[in-house]
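Rule-based calculations on the coordinates, nothing more; no lab input. None of these values were measured; they are calculated from a predicted model. Cβ: placed from backbone, ideal geometry, glycine included. Neighbour counts: every protein chain shown.
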Amino acid sequence: MSAAEHSESLTSSQYINHHLTNLTYGQFADGHWGFAASGAEAKQMGFWAINVDTMGWSIFLAALFFFIFRSVAKKITSDAPTGLQNLVEAVVEFIDDNVKGMFPYKNSMIAPLALTIMVWVFFMNAMDLLAVDLLPQIAKYIGVSLGANPHEVFFKVVPSTDPNITLGTAAAVFILIVVFSLREKGIVGFAKELCLHPFSSKNIFIQALAIVPNFILEFVNLIAKPVSLGLRLFGNLYAGEVIFILIAIMCGVNLFLGIFGISLHVLWALFHILIIALQAFIFTVLTIVYMSMAHQTDEEH
């Protein structure tokens, strides 16, 4: 359904809110489980509610990434490589070069981690290039055929516009940072990093006084890593999705704005390709840098 047809039953504000609401499954106040019919109901479901659309698409895109790279790896050849093999090899070499340049330690997990984040985040971001109403409209037809109210069928197709995905991915990276920090530095070394920097002194009394402010500053810096990772990705993709929705509304106003909106949509989509790739790259690079910092010992400070 176009924005114009949708606006017959929804105002522009309702149309925007509808597109920015997830298909959420959870427990209602009376104890039964089901899909939320509004954003307010989704909020009332609490922590254990699941954004089904976000989870579904993120898992599907992860499986797609695995299938593509595995199929290329199984059929790899040096005689007459296909275009897909050349693309995959270019991505792998790009990640390998960045890891070698930013991670001067030995850890066989870092390159696969960086490759997974780069491709998976790129795939999730790239869903933003699909027509705004295409998949949500298909979901609406399926929902209506199952007896649902059409205005209660929500379906977001860009996983990285859901903070649960971006912050969840960042939290996984954060856990790895802590694990490798403890493994490389030990509990004492990690504690010293949090309590003896950035203010240090040879005077034991002064150093003892600096422990509390040092811990506060370093702990905030540590927590800021996953928060900034997740919110940066979410903010950029969410803003891009909102712009696509606004352009869709413009296309349904009249012929003049429709033509202008289509032109604007093409220009924004071309520019958004850069944002999609750049945000995936930034997330990957910062992950590599943070993992390198986790391997950095006290002697290297």
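Okay, residues lined up against (1) charged (D, E, K, R); (2) closer than 26 Å to ALA294 by Cα; (3) within 24 Å of the chain's Cα centre (by Cα):
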{"position": "GLY39", "(1), (2), (3)": "no, no, yes"}
{"position": "GLY83", "(1), (2), (3)": "no, no, no"}
{"position": "ASN98", "(1), (2), (3)": "no, yes, yes"}
{"position": "LEU115", "(1), (2), (3)": "no, yes, yes"}
{"position": "ASP128", "(1), (2), (3)": "yes, no, yes"}
Q: Search region 121-130 for residues being in contact (Cβ under 8 Å) with a residue 60 or more places away in the chain and not acidic (Asp, Glu), and hand back the single one that is surrounded by the fewest Cβ atoms within 10 Å (Cβ to Cβ).
A: LEU129
Q. With VAL72, VAL99 as the choices, which residue is closer than 18 Å to THR284 by Cβ and surrounded by 17 or more Cβ atoms within 10 Å (Cβ to Cβ)?
A. VAL99
Q | Tally of residues being surrounded by fewer than 15 Cβ atoms within 10 Å (Cβ to Cβ) and free of Cβ contacts under 8 Å to residues at least 60 places away in the same chain across region 261-289 | A | 8
Q) Among the numbered criteria (1) touching a residue at least 12 places away in the same chain (Cβ under 8 Å); (2) outside any loop (DSSP other than H, G, I, E, B); (3) among the hydroxyl-bearing types (Ser, Thr, Tyr), which single criterion is violated by THR21? A) (2)
Q | Verdict on PHE199 being touching a strand residue (DSSP E or B) at 6+ places or on another chain (Cβ under 9 Å) and farther than 27 Å from THR284 by Cβ | A | no
Q. Do you know which residues across region 140-163 are farther than 21 Å from PHE122 by Cα, out of contact with any Pro (no Cβ under 6 Å at 6 or more places or on another chain) and surrounded by 18 or more Cβ atoms within 10 Å (Cβ to Cβ)?
A. GLY143, VAL153, PHE154
Q: Give just the number: which of (1) over 22 Å from the mean Cα position of the chain (by Cα); (2) within 30 Å of PRO226 (Cα to Cα); (3) assigned to a helix (DSSP H, G or I) does TYR105 not satisfy?
A: (3)
Q. Within region 144-170, how many residues are assigned to a helix (DSSP H, G or I) and either within 16 Å of MET118 (Cα to Cα) or touching a strand residue (DSSP E or B) at 6+ places or on another chain (Cβ under 9 Å) (or both)?
A. 10
